[in-house]
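Structure, as structure tokens:
The values are calculated or read from the model by the stated rules, or taken from the named source; none is laboratory data. Quantities reported herein were computed from a predicted structural model and do not represent experimental measurements. Positions of Cβ are backbone-derived with ideal geometry, glycine not excepted, and every protein chain shown enters the neighbour counts.
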2 protein chains.
Amino acid sequence: MAKAIKKETCQYRLIAGKDAMEVLQGKWRIPIIISLTDGDKRFGEIQREIGNISPKMLSQELKALEENKIITRTLYDSMPVTVEYSLTPLGRSTDKLLEEFLKWGTHFRNEIVGNR
Amino acid sequence: MAKAIKKETCQYRLIAGKDAMEVLQGKWRIPIIISLTDGDKRFGEIQREIGNISPKMLSQELKALEENKIITRTLYDSMPVTVEYSLTPLGRSTDKLLEEFLKWGTHFRNEIVGNR
DNA sequence: CCGAATCCTGTTTGATACTG
DNA sequence: CAGTATCAAACAGGATTCGG
């Protein structure tokens with residue numbers, strides 16, 4: 001076993017942070033998860049809700065989230081074809097994180113963003 | 001007052017998410033904050049602790065965090081000159097967020113990162 | 001309607017060397 | 001020690017077009 005790292009150390013925290021970063025990083029992943037927290041959605045619905053994301057980026061980021069088991073993609077073979085995206089349990093497990101994230105975003109907005 | 005947005009709506013959440021993103025985005029900001037949560041540190045200490053950040057990136061990101069009132073920079077005019085960085089109250093207000101971030105990072109690591 | 005494919009651009013990031 | 005300067009590489013993001 002190579003160099004065990006204790007839970008309390010800064011190094012441990014840095015690693016955990018990097019892991020979380022790996023999945024949630026970028027301009028669009030958290031917005032997408034927020035959007036899907038609201039309920040399962042189709043491609044176009046997510047796009048409209050987020051507002052200014054190009055189909056390319058949305059497609060690309062959805063794929064990445066799917067690979068990381070954060071969301072699932074379900075194809076309904078209707079006419080025309082519809083696709084629905086929804087959070088997996090792992091995806092839903094971000095809810096506490098998201099909540100704090102949003103709380104802090106609001107706090108920060110009030111402290112700083114408003115004053116410039 | 002232009003188009004009030006209720007707290008519970010997806011749109012409100014998307015905006016708060018974007019605000020938080022604006023400050024915490026990028027590969028290095030959260031690691032830097034984690035490092036400083038551990039205590040005030042000097043430039044070189046942060047760099048060694050994070051491990052593979054170039055001085056240019058560190059300098060640049062520290063500057064951005066300072067502009068957003070997340071950290072402060074204190075110059076001690078000793079010989080040789082030393083500089084210490086520390087979290088502001090606003091910076092320390094990320095602690096709950098960080099905690100959830102790290103908790104989830106660990107969870108994710110166990111679920112996914114370990115299995116690939 | 002839901003994307004895939006292509007092309008193109010600007011920003012981010014990094015390696016390295018150097019300065020007060 | 002605490003950064004800056006410079007140059008190159010990588011990547012994020014956008015515009016557009018096309019297919020099932």
Could you check B:TYR85 against (1) in a strand (DSSP E or B); (2) more than 13 Å from the chain's Cα centre (by Cα) and say which number it fails?
(2)
Tell me the residue from B:ALA4, B:ALA16 that is more than 30 Å from B:LEU75 (Cβ to Cβ) and in a helix (DSSP H, G or I), please.
B:ALA16
Which numbered condition in (1) within 13 Å of DNA strand C (Cβ to nearest atom); (2) of a type outside the set (A, V, I, L, M, F, W, C); (3) without any contact (Cβ under 8 Å) to a residue 24 or more places away in the chain; (4) surrounded by fewer than 16 Cβ atoms within 10 Å (Cβ to Cβ) is the only one that B:PRO31 fails?
(4)
Filter segment B:64-82 down to residues that are surrounded by fewer than 16 Cβ atoms within 10 Å (Cβ to Cβ) and assigned to a strand (DSSP E or B) and give me whichever is nearest to DNA strand D (Cβ to nearest atom).
B:THR82
Only one of B:GLU49, B:GLU61, B:GLU45 is at the interface with chain A (Cβ under 9 Å from one of its Cβ atoms), modelled with pLDDT of 95 or more and within 13 Å of DNA strand D (Cβ to nearest atom), namely B:GLU49
Among the numbered conditions (1) within 14 Å of chain B (Cβ to nearest Cβ); (2) surrounded by 13 or more Cβ atoms within 10 Å (Cβ to Cβ); (3) at pLDDT 95 or above, tell me where A:PRO89 comes up short.
(2)
Whether any residue in segment A:29-38 is of a type in the set (Gly, Ala, Ser) and within 13 Å of chain B (Cβ to nearest Cβ) is what I want to check.
yes
List every residue pair whose Cβ atoms sit under 9 Å apart, with the two residues 6 or more apart in sequence or on different chains, where the first one lies in segment B:37-59 and is in contact (Cβ under 8 Å) with a residue 40 or more places away in the chain and the second, anywhere, is among the hydrophobic types (A, V, I, L, M, F, W, C) and near DNA strand D (Cβ under 9 Å from one of its atoms).
B:ARG42/B:VAL83; B:PHE43/B:LEU58; B:PHE43/B:LEU62; B:PHE43/B:VAL83
Kindly check whether there is at least one residue in segment B:33-41 that is more than 30 Å from A:ILE46 (Cα to Cα), basic (Lys, Arg) and assigned to a helix (DSSP H, G or I).
no
Selection from segment B:92-116 of residues that are among the β-branched types (Val, Ile, Thr) and at pLDDT 95 or above:
B:THR94
Anything in segment A:67-85 that is in contact (Cβ under 8 Å) with a residue 12 or more places away in the chain and within 22 Å of A:ASP19 (Cα to Cα)? List them, or say none.
A:ASN68, A:LYS69, A:ILE70, A:ILE71, A:THR72
